[in-house]
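Read the figures in this text as sums done on the coordinates, not as results from a lab. All values derive from a computational prediction rather than experimental measurement. We place every Cβ from the backbone using ideal geometry, glycine too, and count neighbours over all the protein chains shown.
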Amino acid sequence: IEILNIQIYKKPNLNNKFSGKNIVFTGKLSTLSRDEAKQKALQLGAKILSSVSINTDYLICGEKSGNKVIKAQKLDINILSEQEWISMIN
């Protein structure tokens, strides 16, 4: 038996603060799963990065965020808590 995996992609909403921005998620997210958070960001037209660099526009932090926050602070990157990010996208 072959199982078909069909995903529906929505056109990104390009009229928001995160459109065209590079976002990194760090820490344990409490409201959404990591995959759900990434999907929401992609729907907003953002690009998801795995590590903080000079190219990062926003760092979204969950619990126990760790070293990525320190690096983002040194690079003067916008840091948002998970709750701040969710309130901005809703």
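Go through the stretch 45-90 and name the trypsin sites (Lys or Arg not before Pro) that are in a DSSP coil and have 14 or fewer other Cβ atoms within 10 Å of their Cβ. Working shown, then result.
Numbers: sites: K47, K64, K68, K71, K74; in loops: K64.
Answer by residue number: K64.
Can you list residues whose amide H is under 5 Å from N78's amide H, if they're 5+ apart or on another chain and H is modeled 1.01 Å from N?
For N78, the qualifying residues are L59.
Between N67 and I86, what is the spin-label point distance in nm, taking each point 7 Å from the Cα along the Cα→C-beta axis?
Here the answer is 2.9 nm between the modelled labels.
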